Structure formats: C-alpha cells, structure tokens
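Reviewing the structure listed below.
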Amino acid sequence: MPVPLSREKIAATAIRLADTHGLDGLSLRKIAKELGVGPMRLYDYVINKSELLDLMVDVVYSRIAEVGERSGWRDTVLAIAHATRAAALEHEWFSDVLGGRPHLGPHALAVGEATAAALNAAPGVVDIDDLQRAVGTLNAVIIGSVRREVTERRTARSTGTDEAAFQASLGPYLTRMLTTGRYPTVARLVIDGAHLEAEETFHHNLTTILDGITRRRST
C-alpha cells in the first residue's frame with residue numbers, strides 16, 4: 001500500500017531535516033527517503049526545492065501568527081517580534097531566509113499584515129511614508145538581531161568553545177592592539193562592557209525603535 005503523503009507531511013519532514021542538517025543538507029531525495037517513498041512521488045505535491053522552501057517558511061510563519069492581535073499596537077508588534085526571534089532560534093535555517101526574497105505565503109502575509117496594521121496605529125505614523133519607514137526599520141532590527149544571535153550560536157558549536165574561551169583566545173592580540181591607544185572607545189567596550197543577555201537586549205532594542213516611532217514629526 002502506498003505511503004500516504006500530503007504537503008503538510010512533506011513540509012514537516014523537511015523542517016525536521018533542516019533543523020538537524022541545515023538547508024544545505026536538505027534535498028527532495030533525503031526527504032523521500034525519510035518518508036519511505038520514491039523521490040518522484042514528491043513532485044505530485046511540490047514542483048521543486050524552491051517551492052518546498054516556501055512551504056516550510058510559511059509553516060514557521062503560521063506559528064508566529066498564533067500570537068494574534070494584542071490589546072494595543074505596541075504589544076502586538078512586540079509579540080510578533082519575539083515570536084519571530086523564538087522561531088529563528090528553534091529553526092536556525094529560518095534566519096538564513098529572513099530578508100531574502102519576499103515571503104508571500106498566506107501565513108507570512110498574515111504576519112506582515114498584522115505588523116503593518118499595528119505600526120499604522122502608532123502615534124508617530126501619519127502617512128504611508130512613515131509606515132514604510134517604520135516597517136523597514138523594524139524588520140532591519142529583527143533580522144539583524146536574530147541573524148547575529150544564530151551566527152554566534154553556530155560559531156560556538158563549530159569551534160567547540162564558549163564565548164569566554166573565544167575571548168580568551170583573542171586576548172593577547174586585543175591587548176596589543178588596544179594598548180596602542182588608537183581605539184579608546186573600542187577599548188572601553190571590551191574592558192568595561194558587560195555581557196548582555198540576548199533576549200533582554202533584543203527587547204531593549206525593539207522598545208527603543210518603537211519609542212522613536214511614537215514621536216510625531218515636528219512641523
């Protein structure tokens with residue numbers, strides 16, 4: 001009896017493989033093997049790997065969309081942003097596709113609509129130009145933050161060292177460079193700066209951006 005398939009089942013298997021091996025280790029042949037079917041059967045459900053990736057991405061967006069609309073525009077934006085970060089940390093490959101080609105699946109569009117509608121209600125957004133800038137700035141902060149955090153996690157895994165060990169390995173070089181006196185502000189950051197907790201920093205940066213959006217332009 002043929003193994004029952006569906007787009008949802010294929011996407012779930014692909015996500016599981018990508019979580020383990022990354023997008024570079026993902027192929028329709030591997031997915032077919034995992035499902036116990038011939039590769040050609042998958043083409044009845046997805047045209048190619050590109051369509052499969054779109055499907056996977058929209059599954060992740062469906063979970064982000066579950067946060068729903070909150071009581072105020074600011075709480076809605078924060079909930080969506082934190083849900084996006086959580087999704088990228090759970091599915092690291094998702095951070096690789098953020099900011100790339102547009103995500104136009106139904107759930108991705110729903111998240112985009114909820115975000116834009118919330119920002120449109122911010123006191124400082126008075127026209128379409130304000131809204132475009134607000135959406136662009138928010139997306140840049142979210143994408144930049146999650147990509148950096150995921151990259152740091154990957155680096156720690158690949159080198160087998162934690163952040164403290166990594167810093168210690170660079171200590172002699174940094175000491176030589178910073179004692180030249182040419183980089184006083186960088187020295188202050190390295191010597192006096194505390195290790196910032198990632199989630200708290202992410203939230204702080206978001207609220208700073210939203211504070212700026214709420215300020216009306218002077219006439």
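Across region 1-16, the qualifying residues are those that are in a helix (DSSP H, G or I) and among the β-branched types (V, I, T), and the one among them that is nearest to H91 (Cα to Cα) is I15. Six or more apart or on different chains, Cβ under 8 Å: which pairs go from a residue in region 99-123 that's assigned by TED's automatic domain parsing to the domain that holds I64 and in contact (Cβ under 8 Å) with a residue 60 or more places away in the chain to one that's part of a loop (DSSP other than H, G, I, E, B) and surrounded by 14 or more Cβ atoms within 10 Å (Cβ to Cβ)? Could you list them? Going by the 8 Å Cβ cut-off, the qualifying pairs are L119/V125. With respect to D96, determine if the residue is exposed (fewer than 15 other Cβ atoms within 10 Å of the Cβ) and in the same structural domain as S158 (by TED's automatic domain parsing). Criteria not met by D96. Within region 72-95, count every residue that is over 25 Å from D127 (Cβ atoms) and either modelled with pLDDT under 95 or small (G, A, S) (or both). Residues in region 72-95 being over 25 Å from D127 (Cβ atoms) and either modelled with pLDDT under 95 or small (G, A, S) (or both): 6 in total.
Flag set for R70, criterion: outside any helix (DSSP H, G or I), surrounded by 15 or more Cβ atoms within 10 Å (Cβ to Cβ) and not hydrophobic (A, V, I, L, M, F, W, C).
Which residue is surrounded by the most Cβ atoms within 10 Å (Cβ to Cβ), if the candidates are limited to region 44-67 and must be in a helix (DSSP H, G or I) and of a type in the set (D, E, K, R)? Checked region 44-67; the qualifying residue surrounded by the most Cβ atoms within 10 Å (Cβ to Cβ) is D58.
For every residue, the table says whether it meets (1) assigned to a helix (DSSP H, G or I); (2) loosely packed, with under 12 Cβ neighbours inside 10 Å.
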{"position": "P102", "(1), (2)": "no, yes"}
{"position": "A110", "(1), (2)": "yes, no"}
{"position": "E113", "(1), (2)": "yes, yes"}
{"position": "A116", "(1), (2)": "yes, no"}
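Scanning region 17-36 for residues that are in contact (Cβ under 8 Å) with a residue 12 or more places away in the chain, under 18 Å from V57 (Cβ atoms), in a helix (DSSP H, G or I) and not β-branched (V, I, T) gives L17, A18, D19, L23, L28.
The values are calculated or read from the model by the stated rules, or taken from the named source; none is laboratory data. Given the structure is predicted, the values throughout are model-derived calculations rather than measurements. All Cβ positions, even for glycine, are placed from backbone atoms using ideal geometry, and neighbour counts span all protein chains on display.
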